[in-house]
1. Please give the helices (runs of 4 or more DSSP H) falling wholly within segment A:143-221 in which 1 or more residues are free of Cβ contacts under 8 Å to residues at least 24 places away in the same chain and within 14 Å of chain B (Cβ to nearest Cβ).
2. Would you call A:Lys201 surrounded by fewer than 19 Cβ atoms within 10 Å (Cβ to Cβ) and within 25 Å of the chain's Cα centre (by Cα)?
3. Please give the number of the condition B:Leu52 fails out of (1) outside any helix (DSSP H, G or I); (2) within 25 Å of B:Leu26 (Cβ to Cβ).
4. All but one of (1) crowded, with 16+ Cβ neighbours inside 10 Å; (2) in a loop (DSSP other than H, G, I, E, B); (3) free of Cβ contacts under 8 Å to residues at least 24 places away in the same chain hold for B:Phe93; state the number of the condition that does not hold.
5. In segment B:55-87, how many are within 12 Å of chain A (Cβ to nearest Cβ), surrounded by fewer than 19 Cβ atoms within 10 Å (Cβ to Cβ) and touching a Phe, Trp or Tyr at 6+ places or on another chain (Cβ under 9 Å)?
6. Any idea which residue in segment B:96-106 is farthest from B:Ala74 (Cα to Cα), counting only those that are more than 9 Å from chain A (Cβ to nearest Cβ) and surrounded by fewer than 20 Cβ atoms within 10 Å (Cβ to Cβ)?
7. One residue is enough: does segment A:222-233 have a residue meeting the conditions assigned to a strand (DSSP E or B), surrounded by 16 or more Cβ atoms within 10 Å (Cβ to Cβ) and within 14 Å of chain B (Cβ to nearest Cβ)?
8. Pick out the one residue from A:Leu153, A:Leu208, A:Leu213, A:Leu170 that is farther than 18 Å from A:Thr274 by Cβ and surrounded by 21 or more Cβ atoms within 10 Å (Cβ to Cβ).
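FYI, it's all coordinate maths here, none of it is from the lab. Note that the coordinates shown come from a computational prediction; the quantities given were computed from them, not determined experimentally. Glycine gets a Cβ as well: all are built from the backbone with ideal geometry, and neighbour counts include every protein chain shown.
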Amino acid sequence: MHSATPRSQFKALGTFALLLLLTVFVGCNRTRKYPLQGEVVAKNAATNEITVKHGDIPGFMPAMAMPYHVKDPAVVQELQPGDKIAAEGFVSKDGNDYWLEDVRITNDTGRSQAKTPVAPHMLIPGEPVPNVTLVNQDGRTIHLSDFAGQALLVTFIYTRCPMPNFCPRLSSQFAKIHDELKKNPGDYAKTHLLTISFDPKYDNPAVLRKYGLAYLDDDASGFAHWDFASTNPTDLAHLAQAFGLQYEEEGDQIAHNMSIVLIAPDGTVARFWTTDWTWTELMESMQQALHSRGQK
Amino acid sequence: MVRWGELITSLLLLFLPMACSPSAKLSNAETQGQWLYDGHCAECHENPHPELRKQPPSLHRLFLAKSLPSGAPATDEQVSKTIIAGRGTMPAFDRRFREIDVKELVAYLHKLK
């Protein structure tokens with residue numbers, strides 16, 4: 001459904017170029033980033049480009065349809081004209097290059113669940129988290145929505161991880177957060193920790209319980225504040241895409257990155273961390289989330 | 001005519017290294033075990049990690065005491081169990097090691113002074 005004629009496209013490009021020139025002239029000489037929502041009107045798999053029709057982006061550009069480069073060919077392959085998307089739009093310093101990252105299909109075609117692009121697409125802070133079902137160390141079914149009203153800190157591990165700087169360190173630091181929050185009953189009641197395994201085949205409830213007790217110094221009452229859970233492979237992949245987790249089986253080990261997510265009391269993403277964090281920073285962010293936006 | 005001086009010198013040179021470090025000569029199994037230890041165990045058990053909840057204990061002279069750091073008896077069976085099932089914050093290695101690997105590792109741990 002290609003609604004933009006070459007002439008109107010040229011006109012749009014021209015308008016855009018003029019606006020950009022003005023912006024650059026005014027002194028905004030750096031890569032610009034803006035949230036974009038629109039509809040795919042055309043795509044060119046050969047050049048990895050999609051043409052998107054979008055509304056006004058206040059202070060930046062009026063409603064128009066224009067082509068954007070997309071890095072991941074799998075994304076271009078997945079998209080179809082008519083798809084509604086949300087993405088991060090980027091314009092290079094010199095205004096010559098414009099591209100999209102974090103492209104997400106937002107219309108309900110069913111395809112976005114069945115065949116999402118391979119590269120993880122993280123949620124933007126403020127977006128609601130998916131409500132997946134998990135099974136915790138007690139064999140009980142839990143949902144992310146169970147923690148509405150609390151500041152929830154989520155991370156991912158696998159119990160067989162032999163790298164001391166990865167999962168063991170991550171769980172050790174979560175244990176410190178748990179201990180510290182326990183000192184303040186008010187904070188303790190309004191916060192929760194959730195450690196999710198990306199090795200559900202091995203990390204069943206019994207294994208997770210044993211693992212959790214090791215980090216809770218054998219105090220099972222700690223599970224009321226810190227759940228260790230796993231989920232089915234489909235929901236796990238869904239969570240991984242939402243939270244920027246990457247994991248891949250390599251023989252008997254699983255290669256993975258680090259992903260820590262703070263979910264605000266209103267169930268939206270507040271903040272992400274990967275490798276650059278301290279346990280005090282994570283804990284303070286949880287406490288701040290209780291007293292800022294998103295609290296019910 | 002046997003040149004005794006040369007013979008004795010040769011023998012000394014051959015056996016002297018063993019006298020200096022009695023554990024240097026490892027059997028094939030123990031050598032395999034050392035390779036496994038260096039590749040899978042040393043990272044935690046040789047270096048202190050201040051951020052870890054529990055410090056991995058040193059495994060040197062493990063079998064010289066009656067008990068393991070956990071308090072369990074210092075037997076091959078107990079050490080093998082720990083390697084396979086993990087313990088506390090130590091991960092399980094049942095997926096990573098075959099039965100022969102565990103045997104070789106335990107053999108090496110007997111020699112780790």
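1. In segment A:143-221, the matching helices (runs of 4 or more DSSP H) lie at A:167-182, A:205-215.
2. yes
3. For B:Leu52, the failing item is (2).
4. Among (1) crowded, with 16+ Cβ neighbours inside 10 Å; (2) in a loop (DSSP other than H, G, I, E, B); (3) free of Cβ contacts under 8 Å to residues at least 24 places away in the same chain, B:Phe93 violates only (3).
5. Looking only at that region, the number is 2.
6. B:Arg98
7. yes
8. After ruling out the rest, the residue left standing is A:Leu208.
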